[in-house]
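The structure appears below as C-alpha cells.
The values are calculated or read from the model by the stated rules, or taken from the named source; none is laboratory data. In this text, all values refer to a predicted model and were calculated from it rather than measured experimentally. Using ideal geometry, Cβ is built from the backbone for each residue, glycine included, and neighbour counts are taken over all protein chains shown. Ligands, DNA and RNA are stripped out before the accessible areas are found, and what is left, the full protein with its side chains, is counted by its heavy atoms. Shrake-Rupley method; radii C 1.70, N 1.55, O 1.52, S 1.80 Å.
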Amino acid sequence: MTDRPQYGTWIRPKAIVAFGVLTTFSFALAMLSFWSRWALVFLVPAALFGWILMVIGLTSHRFSDRGGGYQHRIHRLLVERASGTTVLDIGCGNGALSIELAKVHADRHVTGLDFWGRDWQYSQAACDRNAEIEGVAERCSFVQGSASRLPFDDEQFDCVVSCLCFHEVRDVQDKTASVSEALRVLRRGGRFVFFDLFSDPKAFPNNDLLSGRVREKGGEIEEDRPCSELLVLPFPLKGKKVLGYARLISGARTK
C-alpha cells in the first residue's frame, strides 16, 4: 500500500489521452500532406483538438496541488460550511472531500456515496485505501448508489454535501431530482452545502425549479454565490466549459 493518498483530479485522464492522440494524428496527416490542399483540411481539426487538449490539460494542472490546488480550495468551501456529526457526501469520487470532512472533526462520521461508473477512474477501493492512509477509516464509510435514489432513510444525516455531482447524474433527466433526494435524507435543522454547475442552462434550465425543490423539502437557501465570487479563477477555470457556471448553494432544512 502506498503511503500517500491518491485522489486524482476531476479531469478524466483518458480524455487527455484521447485528445492528445487526435491532435497528434491530425497534425501528422497535415505534415504528410503539407504541399497539397489536404494540409488545411487536417490542420483545422489539429488546431481544434490541440486547443481542447490545452484547456483540459491546464485545467487538470490547476486542480492539482502543483497547479494551485483549486480542487482542494473548492472542497474547503464546502468543509467550512458543513456541520454535524453525521455527514453525507454525494458523489464522493476517490473520497477526497469525505476524508477532509472527517479529518476536521474527531467525532464526525462521513458516508461517501458514488456511482463509480466506467467513465471515471474513481472506485470504492480507492476511497477505502485513501481513508486508511489518512487515518480516518473507522469514521468513513463508502457505498455505491445513485444520487437520484439515495439508499438512506429520511432525515438520516446532520449534514449533506455534494460537489459537482448532480449535473452528472444520468438516470434522470431532471437534475434537480437529486437535490430533492439530498434534502430528503437531511434531518430538520441540518445543513446542506452544494457546489455544482447550477447556472448551466443545459443541466439546470429552470432556476425556479431548483429553488422550489429545496423549499418543497423544507429547505431554506441562505447562500447562493457563483464560484467566481468565492475564488479568483485563473484561465481556463473561469470558462463556462469549466467552472464558469458553478455556484455554491448552502442553507438549512427548517421543516
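With Cβ to Cβ distances under 14 Å as the rule, what net charge do the other residues near D171 carry (K, R +1; D, E -1)?
On the way: positive: R149, R170, K175; negative: D114, D119, E168, D174, E181.
Surrounding charge for D171 is -2.
What does the helix-only formula give at 222 nm for the chain: each DSSP H stretch with n ≥ 4 adding -39500 (n - 2.57), the total divided by the residues, and the result rounded to the nearest 500 deg cm²/dmol?
Numbers: 8 runs with 100 residues, N = 255.
Roughly -12500 deg cm²/dmol at 222 nm, from the helical runs in the chain.
Filter the trypsin sites (Lys or Arg not before Pro) in segment 81-119 to those in DSSP coil with at most 14 other Cβ atoms within 10 Å of their Cβ, and list the result. Don't jump to the answer; show the numbers that get you there.
Numbers: sites: R81, K103, R108, R118; in loops: R108, R118.
Sparse-neighbourhood loop trypsin sites (Lys or Arg not before Pro): R118.
Using bins 10 angstrom wide from zero, how does P(r) for segment 1-76 break down, in % of all Cα pairs?
Percent of pairs per bin, in order: 19, 34, 24, 15, 7, 1.
For segment 1-136, rounded, prolate or oblate, judged on the Cα gyration tensor with a ≥ b ≥ c (square roots of eigenvalues), a/c < 1.5 rounded, else prolate if a/b > b/c? Don't skip to the answer; put the middle values down first.
Working: a/c = 3.53, a/b = 2.95, b/c = 1.20.
Note, shape of segment 1-136 comes out prolate.
Rounded, prolate or oblate: which one fits segment 91-189, using the alpha carbon gyration tensor with axes a ≥ b ≥ c (rounded when a/c is under 1.5, else prolate when a/b beats b/c, else oblate)?
On the way: a/c = 2.29, a/b = 1.22, b/c = 1.87.
In terms of gyration-tensor shape, oblate.
Test of understanding: what is the full-extension gain from R73 to D171, defined as 0.36 nm times their sequence separation minus their Cα-Cα distance? Kindly include the intermediate steps, with their values, before the conclusion.
Working: separation 98, 0.36 × 98 = 35.28 nm, distance 2.95 nm.
32.3 nm is the gain from fully extending R73 to D171.
Jot down the per residue volume, in cubic angstrom and as a whole number, of the convex hull over the alpha-carbon atoms of the chain.
Values: hull volume 35.1 nm³, N = 255.
Dividing the Cα hull volume of the chain by its residue count gives 138 Å³.
Restricting the count to DSSP beta bridges whose residues both fall in the chain, what percent are antiparallel, rounded to a multiple of 5?
Working: 14 of 34 bridges.
About 40 percent, rounded to the nearest 5.
Please work out the average accessible area per residue across the chain, using the 1.4 Å probe convention, and give it in Å². Show your work: numbers first, answer last.
Values: 13000 Å² over 255 residues.
I get 51 Å² per residue for the chain.
Estimate the FRET efficiency between V17 and N206 by the formula 1/(1 + (r/R0)^6), using the beta-carbon distance for r and 35 Å for R0, to the nearest 0.05.
On the way: r = 36 Å, r/R0 = 1.04.
Using R0 = 35 Å, I get an efficiency of 0.45.
On the protein heavy atoms, probe 1.4 angstrom, tell me the percent of accessible surface of the chain carried by carbon and sulfur. Don't jump to the answer; show the numbers that get you there.
Details: 7210 of 13000 Å².
The nonpolar share, carbon plus sulfur, comes to 55 percent.
With unit charges on the beta carbons (Lys and Arg positive, Asp and Glu negative) and the dipole taken about the Cα centre of the chain, which residue among F192, Q121, G95 sits farthest to the positive side?
Q121
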